[in-house]
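Since the structure comes first, as C-alpha cells, the remarks are kept for the end.
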Amino acid sequence: MRRRIYFLTPDLRVTRTIIDELRAAKFVDEQHIGVIARDDITLEDVPESTLLQSSDVKEGAGYGVAYGGVVGLVAGLVAVAIPPLGLVLGGGILAGVLGGASFGAIVGGLIGSYAPNRELKEFQGAIKRGEILVLVDALNEHVDEIKELVRSKHSEVKFGGVEPHDPAFP
C-alpha cells in the first residue's frame, strides 16, 4: 500500500537534489514521483505530475460509479416493475446497476480529470509564489524514512503532510 508525501521546495535545484537522493536510496522509482510548479518554471529533467496526481479523476470516477449505480438500480427496478418489460428484462436490475455504474465511472472520471486535485488546494499559494511541490508515492514502510531523509538534509524544505489513503495509482 502506498501513501502520498508532499514536500514544498524553494527551487528547482533543491527539487532535483531530493529526487536524486530518493533514487539513490532506492525508496521510490521515478514513476512514483511527481512535481508541480508554476507555469513559468521549466521542469526539464524532473518528473512532472501525472493527470492522476494533479486532477480529481479518481474521485470523479468513484462518485460516478456510486451515482450511476443508483440510477441504474432505479431504472432496472422500473423496467422489471412494468409487466410487459419485466418478462423480457429478467436481469434488468443487474444490467441497470452494472450499466449505470460503468457509464457513471466513465463520465465521472472525465469530469474529474478537468477538476484540480482537492488535496493540492492548500499548496496553490506556495506554488504561485514560486515554490515547487514534490509528490512522492511511497510504500507505507518507507514513509518515515523518506521524511527523515529529506528533513535531515534539507532544512529549507517544508513538509506538506502525508495522505492517509492510497494515491490514485499503484
Problem set entry | Checking D45 against (1) at pLDDT 75 or above; (2) loosely packed, with under 14 Cβ neighbours inside 10 Å; (3) part of a helix (DSSP H, G or I), the condition it does not meet | (3)
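If only one of R4, R23 is closer than 17 Å to A138 by Cα, basic (K, R) and buried (at least 19 other Cβ atoms within 10 Å of the Cβ), which one is it? Before the answer, list the steps.
Working: R23 fails: buried (at least 19 other Cβ atoms within 10 Å of the Cβ).
The match here is R4.
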Exercise. Do you know which residues across the range 146-164 are over 22 Å from the mean Cα position of the chain (by Cα) and either more than 20 Å from G130 (Cα to Cα) or in a helix (DSSP H, G or I) (or both)?
Worked result: E148, L149, V150, R151, S152, K153
Seminar exercise, completed: Scanning the range 113-145 for residues that are surrounded by 12 or more Cβ atoms within 10 Å (Cβ to Cβ) and part of a loop (DSSP other than H, G, I, E, B) gives A115, N117, G130, E131
Problem set entry | Test: residue in the range 151-158 that is out of contact with any Ser or Thr (no Cβ under 9 Å at 6 or more places or on another chain) and touching a residue at least 12 places away in the same chain (Cβ under 8 Å) | no
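The values are calculated or read from the model by the stated rules, or taken from the named source; none is laboratory data. Everything numeric in this text was worked out from a predicted model, so none of it was measured. Glycine gets a Cβ as well: all are built from the backbone with ideal geometry, and neighbour counts include every protein chain shown.
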